Amino acid sequence: MDYTTIIGLEVHVQLLTKSKIFCGCANLFNPDNPNVQTCPVCLGLPGSLPVMNRKAFQLSVKTGLALNCDIASFTKWDRKQYYYPDLPKAYQISQFDLPFSADGWVDIEVPSTGETRRVRLIRAHLEEDAGKNIHDESGRGADSRVDLNRTGTPLLEIVTQPDIRSAEEARIFLEDLRLMLRYLAVSDCEMQEGSLRCDANVNLHVEENGETIPTPIVEIKNLNSFRGVEAAIEHELKKQVKAWQTDPRRMGEVPKTTVGWDANRNATFEQRGKEEAADYRYFPDPDLCPVTITQEEVDEIRSTICELPGVRRTRYVSELGLTPYDAGVIVDQGAEFASYFDEVCVTCGDGKQAANWVTQDVQRELNERKLEIGEFPVSAPVLGAVLKKVVDGELTIKSGREVFATLLSDAGDGTRISAERIDAIIADKGLGKEQDTGKIDAVIQAVLDRNAAVAEDVRNGRMQAVGPLIGQVMRELKGADAKDVRQMILDKLQG
Ligand code: ZN
Ligand code: MN
């Protein structure tokens, strides 16, 4: 069976605004206090009128620009009619034929093939979220409730072309999208809380006798984890392959279906038949003005976009000489972490040194202390100043680590940490690098004299014996560089 996998995604993202999209109610995830963030507007009471949240629109335009979309200078609101208990107005305010943005793209790197793949975007539009139906909380099977706290939360819908060719690519697309949205600070993208969720449209293009035959499209709704996205798509693809192999003629008769994903059973289950656009009876919302935006306003928003993950990764590799792996580790930690790294790097002037410390020493401390980088007591300029001394040869790496550890314990005692503390610590602990080769030479000679048998072993080529000799020298000369000491011992013993 010769076929191509065809996947398109629809992603819904809740925007990080203070208030809802058409009223002043708080936009908070608050499942423990249902129905407290409501008002006549988001409850859809007669006579209430919506007013657009400017911030929600700006965050959407910012995202559209980052997704390489064209921003429309004129856009409007439409009503999408359907009845559901969590939709009190019995319509959703959305955008139909004139979305605020269209025709974008995202490039993704696929590790398993080493390929860069471009996923084109059909559009991104803004709409309001529905509430939440809660079924059978008691477990007795007789209990359904509605929480309208979420009703009217600003929601960005991003629709891809069917350009995705595997479940793995779908997961990577979503992971990259989430990282980008977090860099943009437009959404917290907490998938468990539903602030980033995804529907996948999946089918096969089967090649047979020189003909391409599409199998019926299955839409998998409301996937809310990366694992779920990958597993659900894999599952549907296998089902489609099997159905084709069982009876290709019957596949043409199956209508487009909508399924849900049951992560516990690792299987999809059938839901209602998928509506077509006509079923929603879209029409322009008479209560809301269309929105216009000037080129100056678009440029203004564009200027607030920070350096995005893909660009950053490339710069770290090509300009700083990091490995793609290290670049990825830093970028994946988020915008604040990457900015911390950038600042350490600028202060010490050595990208690789900065990367080593930030991905190892700093990250280990953050994990142990359960801190975010913004709360880390050793600021980027201070760490950068320590590393500058290492890079300039004034401190050994080992002594640098001791300065770093001392700074951290100082912070624990409430001492203010500044770059001036570094010199004080170095002086206190005698960590300055020993530059006096005459002094080092004398200590080495004394150690060799005391350990004549071991020295003889090294002279005869038993190289592992050199370690203990270095250790003895280092105990007497804290500021010496172990590598230099090793070389000096070998020079003495082997001429
Ligand atoms: Zn409200
Ligand atoms: Mn939608």
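Condition check: at pLDDT below 85 and more than 25 Å from L395 (Cβ to Cβ). Does M463 satisfy that?
Details: at pLDDT below 85: yes; more than 25 Å from L395 (Cβ to Cβ): yes.
It is true that M463 is at pLDDT below 85 and more than 25 Å from L395 (Cβ to Cβ).
Can you tell me how many residues in the stretch 261-296 are modelled with pLDDT under 90 and assigned to a loop (DSSP other than H, G, I, E, B)?
Going through the stretch 261-296 one residue at a time, the tally reaches 10.
Residues of the stretch 79-92 being at negative phi, away from ligand 2 (no atom under 11 Å from the Cβ) and not hydroxyl-bearing (S, T, Y), which ones?
R79, Q81, P85, D86, L87, P88, K89
Which of (1) surrounded by 13 or more Cβ atoms within 10 Å (Cβ to Cβ); (2) closer than 22 Å to I7 by Cα; (3) of a type outside the set (D, E); (4) in contact (Cβ under 8 Å) with a residue 60 or more places away in the chain is the odd one out, the single condition Q245 does not satisfy?
Going through (1) surrounded by 13 or more Cβ atoms within 10 Å (Cβ to Cβ); (2) closer than 22 Å to I7 by Cα; (3) of a type outside the set (D, E); (4) in contact (Cβ under 8 Å) with a residue 60 or more places away in the chain one by one, Q245 breaks only (1).
Within the stretch 106-137, how many residues turn out to be in a strand (DSSP E or B), among the acidic types (D, E) and within 16 Å of ligand 1 (Cβ to nearest atom)?
Kept after step one, since they are in a strand (DSSP E or B), are these residues of the stretch 106-137: 106-110, 115-128, 132-135.
Those still in the list that are among the acidic types (D, E) too: 107, 109, 115, 127-128.
From what's left, within 16 Å of ligand 1 (Cβ to nearest atom): 127-128.
Matching residues across the stretch 106-137 total 2.
Just for the stretch 15-47: of the residues that are of a type in the set (S, T, N, Q) and open to solvent by 30 Å² or more (accessible area, probe 1.4 Å), which one is nearest to ligand 1 (Cβ to nearest atom)? Don't jump to the end; show me each part of the working.
Let us first name the residues in the stretch 15-47 that are of a type in the set (S, T, N, Q), namely 17, 19, 27, 30, 33, 35, 37-38.
Subset that is open to solvent by 30 Å² or more (accessible area, probe 1.4 Å): 19, 30, 33, 35, 38.
Numbers: S19: 8, N30: 13, N33: 15, N35: 11, T38: 6 Å.
Among those that are of a type in the set (S, T, N, Q) and open to solvent by 30 Å² or more (accessible area, probe 1.4 Å), it is T38.
So which pairs qualify, if the first residue must be in the stretch 28-40 and under 18 Å from Q14 (Cα atoms), the second must be in a loop (DSSP other than H, G, I, E, B) and of a type in the set (F, W, Y), the Cβ gap must be under 8 Å, and the two must be at least 6 apart or on different chains?
The qualifying pairs do not exist here.
Taking into account only those residues within the stretch 142-163 that are open to solvent by 60 Å² or more (accessible area, probe 1.4 Å) and without any contact (Cβ under 8 Å) to a residue 60 or more places away in the chain, which is farthest from ligand 1 (Cβ to nearest atom)?
A142
For the stretch 170-191, which residues satisfy the criterion of being surrounded by 15 or more Cβ atoms within 10 Å (Cβ to Cβ) and farther than 16 Å from T63 by Cβ?
If the condition is that a residue be surrounded by 15 or more Cβ atoms within 10 Å (Cβ to Cβ) and farther than 16 Å from T63 by Cβ, then A170, R171, I172, M191 are the ones that fit.
Say we look at the stretch 99-110 and pick out the residues that are more than 15 Å from ligand 2 (Cβ to nearest atom) and without any contact (Cβ under 8 Å) to a residue 40 or more places away in the chain; which of these is least open to solvent (accessible area, probe 1.4 Å)?
Across the stretch 99-110, the extreme among qualifying residues is A102.
Looking at (1) under 19 Å from G8 (Cα atoms); (2) out of contact with any Ser or Thr (no Cβ under 9 Å at 6 or more places or on another chain), which is the only condition D107 fails?
(2)
Determine if the stretch 192-200 includes at least one residue that is out of contact with any strand residue (DSSP E or B) (no Cβ under 6 Å at 6 or more places or on another chain) and either within 17 Å of V106 (Cβ to Cβ) or open to solvent by 30 Å² or more (accessible area, probe 1.4 Å) (or both). Give the derivation first.
Narrowing the stretch 192-200 to residues out of contact with any strand residue (DSSP E or B) (no Cβ under 6 Å at 6 or more places or on another chain): 192-194.
Checking which are either within 17 Å of V106 (Cβ to Cβ) or open to solvent by 30 Å² or more (accessible area, probe 1.4 Å) (or both) leaves us with 192-193.
Yes: one or more hits.
Looking at the stretch 381-395, I want the residues that are in the same structural domain as C348 (by TED's automatic domain parsing) and have a partner that is charged (D, E, K, R) with Cβ atoms under 6 Å, at least 6 apart or on another chain. Which pairs are those?
Pairs found: V391/D350; E394/K433; L395/K389; L395/K433.
Going through G152, G141 one at a time, which residue ends up being modelled with pLDDT of 95 or more, of a type in the set (G, A, S), at positive phi and not in a helix (DSSP H, G or I)? Write out each step before concluding.
Working: G141 fails: modelled with pLDDT of 95 or more.
On inspection, the qualifying residue turns out to be G152.
If you take just the helices (runs of 4 or more DSSP H) that sit entirely in the stretch 364-444, which of them hold at least 2 residues that are surrounded by fewer than 13 Cβ atoms within 10 Å (Cβ to Cβ)?
Passing ranges, in order: 397-412, 419-429.
The values are calculated or read from the model by the stated rules, or taken from the named source; none is laboratory data. Just so we're clear, the structure is a prediction, and the values are computed from it rather than from any experiment. All Cβ positions, even for glycine, are placed from backbone atoms using ideal geometry, and neighbour counts span all protein chains on display. Protein only, heavy atoms only, side chains kept; ligands, DNA and RNA dropped before computing areas. Shrake-Rupley method; radii C 1.70, N 1.55, O 1.52, S 1.80 Å.
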